[in-house]
Ligand code: ZN
């Protein structure tokens, strides 16, 4: 009986930890070392990076988005995707070595085409129409491909400041970027979905 109780308390302690957990020490160190500047992009050219890119990412908690690390990571991801030599239109946290459900997407459907941060994004529905378009990825060097994607999606996410739930229907190229980036959070790369791949 005592043993059973002890096991129960260990389990409840673990559950409590997973609900309120903060950043791991490794995540915190990586984010702090970048200090709002560009981070190293994890790529398929490196064997251990390749394995990391295939992992499923963990959701962020309200406690984590309220922490200094979150603001630093968001700023660093924006800096990384804006790299003048390898500029992209979106980036997912695992691409900078952080296995969390967070993406930065350039909103081509908004004035000024801003980069915006999305926490725990999820596509809740896909429009019926599909279109074939060209794609590349900062994590898959020297390659391009053609991928069929839905031209509209229903997106749910958590607000990056308040953690309030948000929802929006998104269309066109921006919808394609969201599909590509959210795939990263489940360890899927565009090369898995591409009907054609070619070196660039
Ligand atoms: Zn990508």
* **Antiparallel content of DSSP bridges confined to the chain, in %, to 5** => 95
* Packing rank of 113-122, 26-35, where each peptide gets the mean count of other beta carbons within 10 Å, highest leading -> 113-122, 26-35
* Take the alpha carbon gyration tensor of the stretch 96-135, find the square roots of its eigenvalues, order them as a ≥ b ≥ c, and report rounded if a/c is under 1.5; if not, report prolate when a/b exceeds b/c, else oblate. => oblate
* To do: Find the Rg to Rh ratio for the chain, where Rh is the Kirkwood radius over alpha-carbon pairs and Rg uses the same atoms.
  => 1.02
* To do: Can you tell me the 0 to 90 degree angle between the C-alpha axis of helix 2-20 and the longest principal axis of the chain, rounded to 10?
  => 40
* Got the relative contact order for the chain handy, in percent, Cα pairs under 8 Å and 6 or more residues apart? -> 20
* Shape call, the stretch 37-80: gyration tensor on alpha carbons, a/c limit 1.5 -> oblate
* In square nanometres, what is one fourth of the surface area of the convex hull spanned by the alpha carbons of the stretch 89-200? -> 7.1
* Cα-projected label distance for residue 108 with residue 148, points at 7 Å along beta-carbon direction, nm -> 2.0
* To do: List the relative contact order of the stretch 81-129 as a percent without decimals, with contacts defined as Cα pairs under 8 Å and 6+ residues apart.
  => 24
* Please give, to one decimal in nm, the separation of the simple spin-label points placed at residue 169 and residue 38, each 7 Å out from Cα toward the Cβ. => 4.0
* Theoretical ellipticity at 222 nm over the chain - DSSP helices of four or more residues, -39500 (n - 2.57) apiece, nearest 500 -> -10500 deg cm²/dmol
* Asked: What list do you get for 66, 77, 72, 39 if you sort them by fewest beta carbons within 10 Å?
  -> 66, 72, 39, 77
* Principal-axis tilt of helix 173-184 within the chain, Cα atoms, nearest 10 degrees -> 40
* **the stretch 31-69-the stretch 182-200 distance, computed between alpha-carbon centres (Å)** => 19
* **Scattering profile of the stretch 71-155 at q = 0.12, 0.15, 0.17 Å⁻¹ [log10 I(q)/I(0), Debye over alpha-carbon scatterers]** => -0.41, -0.65, -0.84
* **Using alpha-carbon coordinates, inclination of helix 25-34 to the longest axis of the chain, degrees** => 40
* Structure fact -> The extension gain from residue 48 to residue 192, computed as 0.36 nm times the residue separation minus the Cα-Cα distance, is 50.0 nm
* **Among 146, 56, 110: highest mean-square fluctuation, GNM of the chain, C-alpha pairs under 10 Å** => 110
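Every read-out reported here was derived from the displayed coordinates using simple, explicitly stated rules and does not represent laboratory data. Worth saying up front: this structure is predicted, and the values here are computed from it rather than measured. Please note: Cβ atoms are built from the backbone with ideal geometry, for glycine as well, and neighbour counts cover all protein chains shown.
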